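Here's the structure, in structure tokens; my notes come after.
Read the figures in this text as sums done on the coordinates, not as results from a lab. Everything numeric in this text was worked out from a predicted model, so none of it was measured. Neighbour counts are summed over all protein chains in view; Cβ atoms, including those assigned to glycine, are modelled from backbone coordinates with ideal geometry.
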Amino acid sequence: MKFPAILLPLLLFFLCFWRSESQTPFLDGGGAWEVLQQSIGISAMHMQLMPNDKVVMFDRTDFGSSNISLPSGQCRTDPHQEALTHDCSAHSVEYTIATNSIRPLTIQTDTWCSSGSLDRNGQLIQTGGFRDGDRVVRTISSCDACDWTEYPENLAVRRWYATDLILPDGRIIIVGGRRQYNYEFYPQQNPNLFELGFLRETSDQDENNLYPFLHLLPDGTLFIFTNTRAVLFDYNGNRVLRELPAIPGGEPRNYPSSGSSVLLPLTLTGEAGQETDPEILLCGGAPFGSFDKAVQGEFLEASSTCGRIRPMDPQAQWAMETMPMGRVMGDMLLLPNGEVLIINGAGNGTAGWEFGRNPVKTPVIYSPSLPLGQRFQVLNPSSTPRLYHSTATVIPDGRVLVGGSNPHTLYQFYNQEFPTDLSLEAFLPPYLSMQHLTRRPRIVSSYTQPLSYAQPTEVMYFLADPLPMGEITVRLLAPSFTTHSFGMNQRLLTLKVAGEVVQLSLFTYRVTVLAPPNPNIAPPGYYMMFVVHSGVPSAGVWVQMQ
Ligand SMILES: *[C@@H]1O[C@H](CO)[C@@H](O)[C@H](O)[C@H]1NC(C)=O
Ligand SMILES: *[C@@H]1O[C@H](CO)[C@@H](O)[C@H](O)[C@H]1NC(C)=O
């Protein structure tokens, strides 16, 4: 076959252009891995991508000296330290994507097994933790020199292993936590503590009701899943509206038998972009009793099932599917092209230090819209085990940051089968492969003003595809607060396209989409906007919904 000579310089041009956006060019359809940092100084137990393309990460303050110092020679005296009371090391860092660099941040109180959410202004509201940190609210804004501010005694009760979610009115709901069968709101209101008996009912011998899976549904109600059960919940009226069937199989899905869950992408195709039929996917976990067995040194095989349900359907039933391999402590992430990535975790054991065995280093992709039986694809493995306290999050260039794993009480870096891991990697999903080079759009619009609900919005993009164009979609992805295998606040919206794609010049196009119809569909705050062409996403640009 003759290669048209004209295409060669074009190809080289886009190769260079593409390389500057994304580091490792590869051809493999199974994705690629790159090690970004051997040590970021801490173990990335919690991660939040901020709207300034920096990622805030932290672990805990009471388990010894990390591998990075606090800024400007500070030290902390901490009577609760398990390992040392005078600690000059940092337990939080900020990672800058563009420069692949780290800056230490200052946290004074213990953030172990805490939670968080961005608020409507893109500020991280982080809640709870352990001991001196269990009622603390901490905030950090999205700016170049920002650091943490801590507000003690700001939660109604102690919150350890709770889940946070932003609501349509901009409040953040904080649900559960160890021996807390209740919820509260941030900012505080009066009264601010509400019973939730469902959390008590779903606590078993191993608990299995921690870090509840919360998803905001298009009618403004909450889907709450803990252990094996799910309810639809009205948080304003403090009542369970309906209980859904229990997931078949009896395997607990919430911490410590940690499975994970996502709200599948919402497609806003209906009148005014409003008609949606939400579906929830929940994958992995471990058999009932796994935690007790692990304490005794027996590591049961992880669950290999996923359940998928349409929660708003009055006849809702779980449809069960089987993953290519079992997985506990897997993270589920919504990718900008509408696929679900399942990454990190173990094939045996349960969540908790020392309790994971048989690391699963191969991510899998789940394609929700393919027929049953064709949805899973096994991808290329990492070289690093990512067990308990590992995390992953999607960043605007389409890569997935992966870090953490600290399977011991203290930082233990040497002479361990699974040492505390301080490294940071990126996984490049198959859509970043070079074979998709010319299919990859680039957004040229920028959005300095917030988008208004239901308003038409123009998106201009560059696309150098010499072949006829494939399907174009425009999507919004809300960044997650990831910890303990659950990405709080993740949601992906496929916007309604209004009219035709207009070609403006040789490689430039314009498409008009409708912004999400209301805050139940898209709570206020920052989203990454992607143009996706034939399954290949552009890099994301930030937009604020208001
Ligand atoms: C600690 O950081 C240094 C460089 O800053 C690195 O050489 C070393 O490997 C790190 N230690 C661990 C255990 O990661
Ligand atoms: C994982 O579980 C399987 C099935 O119970 C068992 O055969 C295997 O030995 C376990 N692996 C480890 C590392 O414990």
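A few remarks follow.
- The Cβ shell under 12 Å around Val364 holds other residues with a net charge of 0, Lys and Arg each +1, Asp and Glu each -1.
- For region 224-360, alpha-carbon Rg relative to the globular expectation (2.2 N^0.38 Å, N residues): 1.14
- Normalising the average separation of contacting C-alpha pairs (under 8 angstrom, six or more residues apart) by the number of residues puts the relative contact order of region 477-546 at 24 percent.
- Sum of side-chain charges, Asp59 neighbourhood, beta-carbon under 15 Å (Lys, Arg +1; Asp, Glu -1): -2
- Short-range pairs are left out: with C-alpha atoms under 8 Å and at least six residues apart, the relative contact order of the chain is 15 percent.
- Sequence-distant residues sharing a close amide H with Asp204 (under 5 Å, placed H): Asn209
- Restricting the calculation to Cα atoms, every distinct pair contributes to the Kirkwood radius of region 162-311, found to be 16.2 Å.
- Paramagnetic label reach from Gln189 (point 7 Å along Cα→Cβ; backbone nitrogen cut-off under 16 Å): within region 209-239, residues 220-222, 233-239.
- For the peptides 126-137, 234-245, residues were scored by their other Cβ atoms within 10 Å and the scores averaged per peptide; the highest-first order is 126-137, 234-245.
- Among the GluC sites (Glu not before Pro) in region 378-486, those placed in a DSSP loop whose Cβ has at most 13 other Cβ atoms within 10 Å are Glu417, Glu471.
- Largest first and in whole Å, the equivalent-ellipsoid semi-axes of region 304-390 read 25, 16, 11, each the square root of five times a Cα gyration tensor eigenvalue.
- Here, the chain is characterised by an Rg to Rh ratio of 0.95, where Rg is the alpha-carbon radius of gyration and Rh the Kirkwood radius.
- Region 401-475: chymotrypsin sites (Phe, Trp or Tyr not before Pro) in DSSP coil with no more than 10 other Cβ atoms inside 10 Å: Tyr414
- Nearest-0.05 FRET efficiency for Ala246 and Val295, computed from C-beta distance (R0 25 Å): 0.45
- Computed over region 298-386: relative contact order in percent, which uses C-alpha pairs under 8 Å that are six or more apart: 24 percent
- 3J(HN,Hα) along region 83-97, derived from phi through the Karplus expression 6.51 cos²θ - 1.76 cosθ + 1.60 where θ = phi - 60°, amounts to 10, 8, 8, 10, 10, 9, 9, 8, 10, 9, 9, 10, 9, 9, 5 Hz, with x in place of Gly and Pro.
- Cα-based Kirkwood hydrodynamic radius, region 170-248, one decimal, Å: 12.9 Å
- Charge tally for Val531 (other residues, Cβ to Cβ under 10 Å; Lys, Arg +1; Asp, Glu -1): +3.
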